[in-house]
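What follows draws every value from the coordinates through simple rules; no lab data is involved. Keep in mind that this is a model prediction, so the values were computed, not measured. Cβ placement follows ideal geometry from the backbone for every residue including glycine, while neighbour counts extend to all protein chains displayed.
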């Protein structure tokens, strides 16, 4: 299974942010609304260059993303979190957490939880919830 994140018109900005935070980046082409055959679905004015579909990959993990036109279901994230596991490198895990939290909201500071290791939760500036963990305290 892979996560598919929907954005209200800023998917490309989010993907660049995730590349900076997580390393990696978009694999393959970014498909644009302008590439759809005429009549496939209505495209709002000004959305020709928005992201119809993209796949992001970092260290073997991947997710997909797109922009969702305003007249479709608006994106909203609840009931899940994107999870990043950084093995054996607490400093890198802390950096990933700090970068994802930049401009967003920390919901649980990155620290040793009662079960061991290091763990933190945040919601990024795009409204996407994240959990970052490492087995090292």
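How much length would be gained if the chain were fully extended between residue 34 and residue 111, taking 0.36 nm per residue of separation minus their Cα-Cα distance, in nm to one decimal?
23.2 nm
Taking the chain as the reference, fit the longest principal axis to its C-alpha atoms, fit the long axis of helix 90-101 to the helix C-alpha atoms, and give the angle between the two in degrees, 0 to 90, nearest 10.
Taking the Cα atoms of the chain, the angle to 90-101 is about 40 degrees.
Which one, 106, 27, 84, has the greatest fluctuation when you compute a Gaussian network model over the chain with C-alpha springs under 10 angstrom?
27
Please report the antiparallel percentage of DSSP beta bridges with both residues in the chain, rounded to the nearest 5.
70 percent
Assuming R0 = 41 Å, can you tell me the calculated FRET efficiency for the pair residue 91 and residue 10, based on Cβ-Cβ distance, to the nearest 0.05?
Once the sixth-power term is evaluated, E becomes 0.85.
For the stretch 38-137, just say rounded, prolate or oblate: build the C-alpha gyration tensor, square-root its eigenvalues into a ≥ b ≥ c, call rounded for a/c under 1.5, and beyond that prolate if a/b exceeds b/c, oblate if not.
Here the stretch 38-137 falls in the prolate category.
Using only DSSP helix segments of four residues or longer, with each worth -39500 (n - 2.57), what per-residue ellipticity at 222 nm results for the chain after dividing by its residue count and rounding to 500?
-5500 deg cm²/dmol
In a Gaussian network model over the chain where Cα atoms closer than 10 Å are linked, find which of 28, 117, 39 has the largest mean-square fluctuation.
39
Cα centroids of the stretch 1-75 and the stretch 85-100: how far apart, whole angstrom?
Centre-to-centre distance over Cα atoms comes out at 25 Å.
Hey, what did the chain get for relative contact order, percent, Cα under 8 Å, at least 6 apart?
23 percent
Between 40, 13, 102, where does the largest GNM mean-square fluctuation fall for the chain, given springs only between Cα atoms within less than 10 Å?
Result for the chain, Cα springs under 10 Å: 40 fluctuates most.
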